[in-house]
1. Taking only DSSP H segments of four or more residues, each worth -39500 (n - 2.57), what value at 222 nm results for the chain once the sum is divided by all its residues, to the nearest 500 deg cm²/dmol?
2. Let me make sure I get this right: for region 72-125, a, b and c are the square roots of the gyration tensor eigenvalues over alpha carbons, sorted descending. Under 1.5 in a/c it's rounded, otherwise prolate if a/b > b/c, else oblate. Which is it?
3. What list do you get for 165, 86 if you sort them by fewest beta carbons within 10 Å?
4. By per-residue mean of other Cβ atoms within 10 Å, what is the highest-first order of 13-23, 75-85?
5. Sort 198-206, 90-98 for me by packing, meaning the mean count of neighbouring Cβ atoms within 10 Å per residue, highest on top.
6. Where does each of 342, 169 land when they are ranked from fewest to most other beta-carbon atoms within 10 angstrom?
7. How much of the pair distance distribution for region 9-160 lies past 18 Å, counting alpha-carbon pairs only, in percent?
8. Give the peptides 54-64, 227-237 in descending order of average Cβ contacts within 10 Å, highest first.
C-alpha cells in the first residue's frame, strides 16, 4: 500500500477575536482563570464555535513489542506487554480506574504484540507483525509495515469519530518503547541523545548507561535516507507509528488530541515532522518523570497541564488532565457575562 495522505488544516483564526471577547466578558477579572481561558480559546478555535463541547471521550491504547529489548535496554521483560494487556481487560490497571472515573471508553489495539491475545475479549486485532526487528542491526519495520500502521491508526480514529467522539487520548503498552522515543527525540529536536535517554521502567545508573550506548550504536549504524518517515519506521515501535496515524487522522477530523507522557509526546513530535499542523490540535496532559520529557515539551513549546511525576504511560496522564479541559469548556459555556448579570466590569 502507499503511504496514507492526510489533509490537515490549521484552525481558522477569524473567530479568535470573538472567542476572546466572550472569554473576557465573563464575570471575572480579565485573565483571572489563567490556563482555563487559554484552553477554552484553543478548543473554540479547533471546533470553530463560541460554544465548544466535549463528546464521548475515549482513550486508545496501542500495544506492541520491540526487538531492541533483546539488547537489555529495559528492566522489564518482554512478556510484561501481553500480561499488562490482560490486566487492562480485567479492569485492574491504572488507566482503567481513571477511565471509569472520568467517563472514558477504553479501546485496546494489538499493533504488534508477540503473543496470541484473546481477541474475543474485545481487543482490536490490528497486528502488523509479532514485534519489530532489532534496530541495532537494521530497520525496525519495512516501509509497507509503517504505512499499514499509519492507516490502521487512522481507521481506529475514524471509528471513534463515527461513534461521536470529538476528544481522544492515546496511550501505549510496549516494553522498550522509551528507547524508540529517545532516538526520535534526538533526531527531531537535535538534543544530544544522552539527554534524551532515561530509566524507562526503572533502570539503575549502570542500566541507563548501557541503554545509552546501545541506542548510540543503533544511530551510528543507521543507513536510511534521513527523511522523517524513514527515521520513524527505522527506529519506531509498531504501536507508536499506529499512534502517529491516529493523531494525524484526529487532526484532519478536528478532534482534540490529549497527549500523554514521554512516548506519546515523542509520537506527536514525529507526527509534526510529517504534518506540522497537527500540533494545533494537541493539548498536553502532563510533564512526566521520565528523563527528557521536560526537554521534549520545551522543544515543542508545549505547556503541560499537570506536573505530578507520572511515568506509567497507558494514557494515564492525559486522562488525569481531562477535568481541566472540561472545566475550560464549562467556563466559556456556563459562566454569565457582565451585561446579562448586571455587574459592572471590575478590571
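1. So the calculated ellipticity at 222 nm is -14000 deg cm²/dmol.
2. Taking the square roots of the gyration eigenvalues as a ≥ b ≥ c, region 72-125 is oblate.
3. In increasing order of surrounding Cβ atoms, one gets 86, 165.
4. 75-85, 13-23
5. For the peptides 198-206, 90-98, the packing ranking is 90-98, 198-206.
6. The fewest-first ordering by Cβ neighbours comes to 342, 169.
7. 70
8. Per-residue Cβ counts within 10 Å, averaged per peptide and sorted highest first, yield 54-64, 227-237.
Computed from the coordinates by the stated procedures, all read-outs in this text should not be read as laboratory data. For clarity, every value in this text was computed on a predicted model and none was experimentally measured. Positions of Cβ are generated from backbone atoms using ideal geometry, with glycine treated the same way; all protein chains shown enter the neighbour counts.
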